Each structure stands twice: as C-alpha cells, then as structure tokens.
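Every read-out reported here was derived from the displayed coordinates using simple, explicitly stated rules and does not represent laboratory data. The structure presented is a predicted model; accordingly, all values stated were derived computationally and were not measured. When we count neighbours, we look across all protein chains shown, and the Cβ atoms used for this are built from the backbone with ideal geometry, even at glycine.
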Amino acid sequence: MTVLTRWDPYREFSSLQDRMNRLFNASFNEGRDESLTTSSFAPAVDVYEDEHSVTLKIEVPGIDEKDIDVRIENNTLTVHGERKLEKDEKEENYRRIERQYGSFTRTFTLPNTVDTEGASASYEKGVLKVKLAKKAEAKPKQIKVNVGGEKTLEGKAPSKAA
C-alpha cells in the first residue's frame, strides 16, 4: 500500500523548534504544569468559494465553542482559540502526548468581494464553519442574448428608411 504525504519544507524547522522549546521549558519549569501545554499549533483550514459566498472550514476538535473567538476587522478574518489540557489524569501517568495543546491564531485577508456584514459562523462535530457572503456587485450576472431579429427599446422592429 502506497501512501502519499504532502511535503512541507519547513516541517523539520518546526519540529526542531518544538524540541528546543521543550528542552528549555523542561530546564526552567522544573516540573510545572506548563511543560505539557507549551506547544502551539495551527488547525487545518479548507477554504472554498462559490458564486454566492466564501466558506472556511477549520478543524478544532476538542475545543469548546466558548474557547473560540472569530473577528472581522479591516477586511481581515481572525480566528483565535485554545485547546486546554484535560486535568482528569495525573501528569506522571502519561507516557506520550502527541495531541497539541495551547492557543492558536489563524488570520485571513478577505477579498474585496466579501460582504463582512453577511458573515456567519457555526460549530459542529469539531469543525468551525465560517461563511462569508459576497457583495451583490461581485456575484456573476447572466445576460440574456437575443437570437434572431433586432429589437428596439419599444419592442418593435426598426423601420427601414428608403
């Protein structure tokens, strides 16, 4: 079975930075709670557009909707949130933590065709959906083409002068 993985040239730098952060945090925190929660992450986002709107779907599983803040200011959409470490388990029982915790911020510059007044957001099954309506003048217009005889403004055929 062959699996394709998208190549990200900066993944190694991010991984190195995370390891260095953990090394310094482990040295200076001396076992405090922050050592497990210092990792930051950026949730995956799908952006698609149709003739009526631009829609963003942001994966934020495990985050309560009260911990998500969506703002539009100066044609910029900002989504900020925080995934908190569950304190049900004692930290010494963990053998490995792969899920990322902490706060995130994603910022998107909106095109001029978007009507920011017509924005809406919904949250379902760990996916935040932000829908941005397009301005009326940005929507495609269909122009009817008359085939056949030429017509004037009154709907009459033009008279031919001799």
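Give the stretch 109-131 a look and list any residue that's of a type in the set (D, E, K, R) and over 13 Å from E49 (Cβ atoms), or say none.
D115, E117, E124, K125, K129
Give the residues of the stretch 114-141 that are touching a residue at least 40 places away in the same chain (Cβ under 8 Å) and among the polar types (S, T, N, Q), sorted by residue number.
Result: T116, single match.
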